[in-house]
2 protein chains.
Amino acid sequence: MKNDSFETIGKVLNDAKSILVFTHQNADGDAVGATAALTRVLRQRGKDCYILFDDDEIAENLRFMDRGYSSDDEEIIRDPDVTICIDAAELKRFPKRKEKFLQGKVKICIDHHMVDETICDYNHIDSGAAAAGELIYKLFQAMEAEIDKETAEALFAAITTDTGNFQYSNTTKESHMIVTDLYDLNMDAAAVSRNIYESVRPEKMRLQSMVKDQLELFADGQLAVAIVRQDQLKACNAVMSDSEGIVGDLRSIKGVEIAVLIKEDSDNKCFVSFRSKTEADVAEIAAQFDGGGHKRAAGCTIYSGAEDVYQMVKQAVLDYLKA
Amino acid sequence: MKNDSFETIGKVLNDAKSILVFTHQNADGDAVGATAALTRVLRQRGKDCYILFDDDEIAENLRFMDRGYSSDDEEIIRDPDVTICIDAAELKRFPKRKEKFLQGKVKICIDHHMVDETICDYNHIDSGAAAAGELIYKLFQAMEAEIDKETAEALFAAITTDTGNFQYSNTTKESHMIVTDLYDLNMDAAAVSRNIYESVRPEKMRLQSMVKDQLELFADGQLAVAIVRQDQLKACNAVMSDSEGIVGDLRSIKGVEIAVLIKEDSDNKCFVSFRSKTEADVAEIAAQFDGGGHKRAAGCTIYSGAEDVYQMVKQAVLDYLKA
């Protein structure tokens, strides 16, 4: 697939009057930050522009970026000149909104996840970018857009979350270079970080502490396993999404190569998340249970009770580590 | 106090044959990274150079930076031409080694913590720098030093830890600019981060989970309090330093303005750590118990049992929040 230049895409956006912006479901910091920045700039250019998130609600700690940009009403723009999907190149990544997306007279895709093809008229997909926010920044440069404090802060939010605060291996020199530019635009990076990271729900902290308190180590500490049980959710007044991040914490234990988190959905259904630290290919293990993913992060759904799942998955990982 | 230029300090170092490097006790990522980078570069210039840490042991997750640079033996260099203290401008910050430091024929100080005066012959103190590692990088530039991969990685470790992964308000445009330079020097930033952050002792994770599982909220969630008890340390096979980071996690809870962690040292002695999120001045509260610190981070020692300390401190914070 050939990439269109940001100059070309910028011109298409400039020529449009009405634009709807889309992103993947379970919108993360990059999805919200990149779409908020784009919508802000397009509105400042006089466009009729809204984000249609695929989620009923976006995460509480990201909402500060949505300054009235999103709508629940697909008819807020009836026949959009342009629909553009950011950080999501495939319709299946925004299932709820895909019909509306297809109504765009012109369709654009900007993403940093490689795909073989998209159904869009214009595409810019760059898997070397650490965040979609980096690509939106480059689009703004090509458009000679003015980036104000709020736009800069949304882009910083996008980049800092998708790079794991500049710690993941996707982080590049360019990630930091863009951030130096954003500092010139008067952003308050520390305030963004406080908004994103210092608004943890107490229920979430209690759940995570309770689950991690019962972690187990096997194979000389190479395997860490924990279970999130329904009765724990109830005890903490938490929801399953509050368990996000636990599996990464398990992996951060010294000596752990594979971390597993079993999420009890019901008496006969569990979701399982796998992470590896360096060499292990957890997609291979997840595939044994009809799951999928990448070498370092994979998952599967198993239709059994938590205890059975625990035994099965533990054995599969131990067999993998032995091989 | 007037700063000497890095050109001047670089010349003094170049003219020396033997150099001993010092830093503050409880050496953190900045202390270890900055001293390791400096020692590496000075050895590459043919100097006889060692770090004398003030600690018996440096933290396990930072040891990867010490490639044979440190010594326990103060006599490893008997009459050093130069002694240099990094990230520590006052003798009280390295009490165990201060006599040895004073033996330097020439004494140098490079720090980013403001002090009124030092006892050194040459000083460069810049409180605008986010990390001592940033100042060492500038020293290298002034010295026209070659920075290899290992040196670059030690400087990145210094900067990323002292900026809270580029999230704290001390982070500047320059922090990111230096990191872009370090990327050109072939560093593997993700490997550094894995070393620092993905080697948590399981005992530490268990202790932190156990303590946070019992956190309490008061004043409509503005105050979060937790206690680390001696029996919890025993149950987890952990040590008190494993509680590092808990108070910051308590502060990260949505709505919390002041976080307090009470560390039970014995039946009649507790250490108390305070953190504030935005406006509260916790140094003022700590001062009521003869403690000290800054607006956002303070501490005190109280000679009472954990339950008494808990009641006293809780009441003091509630009174402060009411006022």
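From the Kirkwood radius over Cα pairs of region B:1-153, Stokes-Einstein at 4 °C and 1.567 mPa s returns a whole-number translational diffusion coefficient of 86 µm²/s.
When you have a sec, figure out the Kirkwood radius of region A:1-90 from all distinct Cα pair distances and drop it here in Å to one decimal? Numbers along the way, then the final one.
On the way: mean 1/r = 0.0744 Å⁻¹.
By the Kirkwood definition, the hydrodynamic radius is 13.4 Å.
The charge dipole of region B:199-323, taken about its Cα centre with unit charges on the Cβ atoms of Lys, Arg (+1), Asp and Glu (-1) only, comes to about 400 debye.
Which FRET efficiency value, to the nearest 0.05, is calculated for A:A297 and A:Y197 with the Förster distance at 22 angstrom and r the Cβ-Cβ distance? Could the numbers behind the result be given before it?
Working: r = 21 Å, r/R0 = 0.94.
Calculated transfer efficiency: 0.60.
Remark on B:I227: its backbone amide H falls under 5 Å from those of B:I262, a criterion applied only to residues 5 or more positions apart or on other chains, H modelled at 1.01 Å from N.
For chain B, the antiparallel share of DSSP beta bridges with both residues in that region comes to about 40%.
Peptide A:153-165 has a mean shielding of 2, counted as Cβ atoms of other protein chains within 10 Å of each residue's Cβ. In order along region A:22-29, the Karplus-derived 3J(HN,Hα) couplings, from 6.51 cos²θ - 1.76 cosθ + 1.60 at θ = phi - 60°, round to 10, 8, 6, 5, 6, 3, 9, x Hz, and Gly and Pro are given as x. Each Cα pair under 8 Å and six or more residues apart adds its separation to the average, and for chain A the resulting relative contact order is 12 percent.
Other protein chain C-beta atoms within 10 Å of residue C-beta, averaged over A:206-216: 5.
For the protein assembly as shown, give the share of DSSP beta bridges that are antiparallel, in percent and rounded to the nearest 5; count only bridges with both residues there. Write out the running numbers ahead of the final one.
Working: 38 of 92 bridges.
Roughly 40 percent of the beta bridges in the protein assembly as shown run antiparallel, per DSSP.
Projected onto planes of every orientation and averaged, the convex hull of the alpha-carbon atoms in region B:229-323 covers 5.9 nm².
Applying Stokes-Einstein at 20 °C and 1.002 mPa s to the Kirkwood radius of chain A, computed over alpha-carbon pairs, gives a translational diffusion coefficient of 102 µm² s⁻¹.
The mean number of partner chain beta-carbon atoms within 10 angstrom of a residue's beta-carbon across peptide A:269-278 is 1. Per-residue ellipticity at 222 nm computed for chain A from its helices equals -11500 deg cm²/dmol, with DSSP H segments shorter than 4 residues left out and the rest contributing -39,500 (n - 2.57). Phi angles across region A:183-197 convert, under the Karplus curve 6.51 cos²θ - 1.76 cosθ + 1.60 with θ = phi - 60°, into 3J(HN,Hα) values of 4, 5, 9, 6, 6, 10, 4, 5, 5, 4, 5, 4, 4, 6, 9 Hz, Gly and Pro given as x. Given q = 0.05, 0.08, 0.10 Å⁻¹, what are the Debye log10 I(q)/I(0) values for the protein assembly as shown, with equal point scatterers placed on the Cα positions and solvent ignored? For the protein assembly as shown, the Cα-only Debye profile gives -0.26, -0.67, -1.04. Could you check how many percent of all C-alpha pairs in region B:140-274 are farther apart than 27 Å? Value for region B:140-274 (Cα pairs over 27 Å): 39 percent.
With R₀ fixed at 51 Å, the C-beta to C-beta distance from A:R43 to A:R229 puts the FRET efficiency at about 0.65. Evaluated with a Cβ-only charge set (Lys, Arg +1; Asp, Glu -1), the protein assembly as shown carries a dipole of roughly 120 debye about its Cα centre, given to the nearest 20. Each residue of region A:6-16 is assigned a 3J(HN,Hα), and the resulting list reads 5, 4, 4, 5, x, 5, 4, 5, 4, 7, 7 Hz, derived from the Karplus form 6.51 cos²θ - 1.76 cosθ + 1.60 (θ = phi - 60°), x at Gly and Pro.
Around the Cα centre of region A:43-100, unit charges on the Cβ atoms of Lys, Arg, Asp and Glu (plus for the first two, minus for the last two) sum to a dipole of about 300 debye.
For region B:92-140, applying the loop criterion from DSSP together with a ceiling of 15 other beta carbons within 10 Å to the trypsin sites (Lys or Arg not before Pro) yields B:K96, B:K105. The listed peptides A:79-87, A:312-320, A:141-149, ordered by packing as a protection proxy, come out as A:79-87, A:312-320, A:141-149 (highest mean of other Cβ atoms within 10 Å first).
Cβ screening of chain A for cysteine pairs under 4.7 Å finds these without a partner: A:C49, A:C85, A:C236, A:C270, A:C300. Between A:S241 and B:S5, the simple spin-label model (points 7 angstrom out along Cα→Cβ) gives 5.7 nm. The label point for A:L318 and the one for B:D267, both projected 7 Å from the Cα toward the Cβ, are 4.5 nm apart.
Do any GluC sites (Glu not before Pro) in region B:1-75 lie in a loop, going by DSSP, with at most 16 other beta-carbon atoms within 10 Å of their beta carbon, and if so which? Intermediate results must be reported in sequence, preceding the final value.
Numbers: sites: B:E7, B:E57, B:E60, B:E74, B:E75; in loops: B:E57.
Here the GluC sites (Glu not before Pro) that fit, given the DSSP loop and packing criteria, are B:E57.
Bear in mind that the values in this text are calculations on the coordinates, not laboratory data. Treat the numbers as computed from the prediction; the structure is a model and nothing was measured. Glycine gets a Cβ as well: all are built from the backbone with ideal geometry, and neighbour counts include every protein chain shown.
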